[in-house]
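What follows is a short report on a single structure.
No value in this document is a laboratory result; all are computed from the given coordinates. Source: prediction; values computed, not measured. Every residue, glycine as well, gets a Cβ built from its backbone with ideal geometry; the counts of neighbours run over all protein chains shown.
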């Protein structure tokens, strides 16, 4: 007999949403257990006997879990669907017979490393602020930042509604009117790296994410995907085998 588990964890294990998003689905009254609407986050379900529905659709644990690395091009939005009709990253993995969701975000104008999965627990681990997953970006900016500018980024800057945590920042390439910075952060605020650079006076011309949690994009072609290796999964999950 399976051990009862929290409802939001069960929803995540079914691939319907991350644990955090599942909590909001429950609070919104969109989840029923045995024909009863449940809005209490502490609710536990018996996986063998309880029937869980989201918006009237039965939720069952995913039979096969997918962990995908994508080299996202510019011009794609990091969601499963978009009501404005923009291209989504899931279109780039449409040849897989699974409903996948992006892990975190990479904004419309940015490119580079993005994970997709149908494992809500994996999404939770990778996106929860408490896990402090490092993300490295190659950022081309207009102008040449000086030492004082880099120090501001390293110490944390006010981006309007938030003061960022200290970042790892190096000046990698300096040209006549532009520079490439390597920036590593563990936070995930909306358009954070762009807003950080703008806050110190250097607008971003190009932004590419190249590493998450020690897993590198490598030479994966733009717009292409591959499965994460077992070694990469172990690295991302802290040695916990999926």
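Quick check: convex hull of the Cα atoms in the range 27-172, volume per residue, rounded to a whole Å³?
That works out to 177 Å³ per residue.
Kindly give the semi-axes, whole Å and largest first, of the ellipsoid equivalent to the range 1-46, taking each as the square root of 5 times a Cα gyration tensor eigenvalue.
After diagonalising the Cα gyration tensor, the semi-axes are 15, 13, 9 Å.
Rounded to whole Å, give me the distance from the Cα center of the range 104-151 to that of the range 168-235.
6
Going by how many other beta carbons lie within 10 Å of each one, how would you line up 92, 205, fewest first?
205, 92
How big is the Cα convex hull of the range 128-173 in projection, averaged over all directions, in nm²?
4.1
Name the residue, out of 72, 35, 189, whose mean-square fluctuation peaks in a Gaussian network model built on the chain with Cα pairs under 10 Å.
Ranking 72, 35, 189 by mean-square fluctuation puts 35 first.
Report the dimensions of the range 4-92 along its three principal axes from the alpha-carbon atoms, largest first, rounded to Å.
Principal-axis extents of the range 4-92 (Cα, largest first): 43, 27, 20 Å.
What does the highest-first list of 82-89, 195-202, 22-29 look like by mean Cβ count within 10 Å?
For the peptides 82-89, 195-202, 22-29, the packing ranking is 195-202, 22-29, 82-89.
Just the projected area, averaged over all directions, of the convex hull on the alpha carbon atoms of the range 134-212: how many nm²?
4.4
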